[in-house]
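Trainee: Provided herewith is a single structure, encoded as structure tokens, for subsequent inquiry.
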Amino acid sequence: MKDDRRSQFRDAHSDRFTAENVPDTPQTRAPAYRLAFADEDFLCRDELRPVRLQLELLKPEMILNERGIESTVVLFGGARIPEPSQKDKARTKTLADLSRFYDEARVFARLMTEKSMQSYGREYVVATGGGPGVMEAGNRGADDAGGNSIGLNIVLPHEQAPNEYVTPGLCFNFHYFAIRKMHFLMRAKAICCFPGGFGTLDELFEALTLIQTDRMNRVPFLLFGEEFWRGIINWDALSEAGTISPEDLDLFQFVESADEAVSIIDEWYKPID
């Protein structure tokens, strides 16, 4: 096979293959002899944490660049929100009632993916945490449209796996929450938060803080389900107390439907005549 690399030096793959097929001796069996980049035990040492952080930043970035993905639409939301057909199995009546947002997330993702396909899948690519609930609905909606979607999964102590609708080649797994959060927002052209729990709140406030402090460009920031969000967060009290500025309440909007959300995003990015 032709080597398209520009370097004249022998490549790492070749040396790794050679090193794995040397004579079996006490010296070659010793951990010290392993190539550093092919030594998993070495890479997992505490001292190598900066390297692992860099790898988790680089791997998805390089793959997304190779796929030509320029912007995303991020969907945050609860893993426990059921598909409407399964709402009778929900733990609480509130969760069962919130199941309507599974459908809204699915429709919204389908509409945004149809828009994405107009740019050959480069813009407005749906990105979720890759899990169940609202995340599944987002990836499923993209699949309904026949397009691709991103799943940013993370290793958790309890058994879990990506939902079946994430595009396999865009399904990533993380050890570090911080790097995962960076990938959620680095290409985000819109952020949509559906009802959820601690994880959703964490992601919501992380993104709002970055925008509030001008560490991130302002984008459409949509909270699906005004009743839910006003019920769990007293936004006006924060402003009245002076812990946020009154204008900070303009950083986000409440929406109820997929169509409403798409309309806001379209208006935001409408070309200026």
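Trainee: Please give the contour-minus-distance gain from GLU40 to SER245: 0.36 nm per residue of separation, less the Cα-Cα distance, rounded to one decimal in nm.
Mentor: 68.9 nm
Trainee: Sort HIS183, HIS13, HIS175 so that the residue with the fewest other Cβ atoms within 10 Å of its own Cβ comes first and the one with the most comes last.
Mentor: Placing the least packed residue first, the sequence is HIS13, HIS175, HIS183.
Trainee: Can you tell which of GLY169, GLY133, GLY147 shows the greatest fluctuation in a Gaussian network model of the chain with Cα springs below 10 Å?
Mentor: GLY169
Trainee: Sticking with this one: Please work out the C-alpha center-to-center distance from the stretch 177-205 to the stretch 92-112 and express it in whole Å.
Mentor: Answer, in whole Å: 17.
Trainee: What's the longest piece of the chain with no exposed trypsin sites (Lys or Arg not before Pro), counting a site as exposed if DSSP puts it in a loop and it has at most 13 other beta carbons within 10 Å?
Mentor: My reading of the result: 92-214 is the longest stretch.
Trainee: While we're here: How much mean residue ellipticity at 222 nm does the chain get from its helices, if each DSSP H run of length 4 or more adds -39500 (n - 2.57) and you divide by all residues, to the nearest 500 deg cm²/dmol?
Mentor: Estimated from H runs of four or more residues: -13000 deg cm²/dmol.
Trainee: How much length, in nm to one decimal, is gained on full extension between HIS13 and GLU260, taken as 0.36 nm per residue of separation minus their Cα-Cα distance?
Mentor: Gain in length upon complete extension: 83.9 nm.
Trainee: Go ahead and run the numbers for FRET between PHE177 and LYS89, Cβ-Cβ distance against an R0 of 25 Å, rounding to 0.05.
Mentor: 0.30
Trainee: Something else: Springs between alpha-carbon atoms under 10 Å, Gaussian network over the chain: tell me which of ILE191, ILE232, ILE81 tops the mean-square fluctuations.
Mentor: ILE232
Trainee: Rank the residues TYR120, TYR102, TYR33 as a footprinting-exposure proxy: fewest other Cβ atoms within 10 Å of their Cβ go first.
Mentor: Ordered from fewest to most neighbouring Cβ atoms within 10 Å, TYR120, TYR102, TYR33 come out as TYR120, TYR33, TYR102.
Trainee: Further, regarding this structure: What does the charge add up to near THR72, with Lys and Arg as +1, Asp and Glu as -1, over the other residues with Cβ less than 15 Å from its Cβ?
Mentor: Counting the neighbours of THR72, the net charge comes to +3.
Trainee: Now, a different point. Over the chain, calculate the relative contact order: mean separation of alpha carbon pairs under 8 Å at least 6 apart, over the residue count, as a percent.
Mentor: 16
Trainee: For the stretch 1-70, rounded, prolate or oblate, judged on the Cα gyration tensor with a ≥ b ≥ c (square roots of eigenvalues), a/c < 1.5 rounded, else prolate if a/b > b/c?
Mentor: oblate
Values quoted throughout were computed directly from the atomic coordinates according to the rules given, and no laboratory measurement underlies them. Computed from a prediction, not measured in an experiment: that's the story for all the values here. Cβ coordinates were reconstructed from backbone atoms using ideal geometry, including for glycine residues, and neighbour counts include every protein chain displayed.
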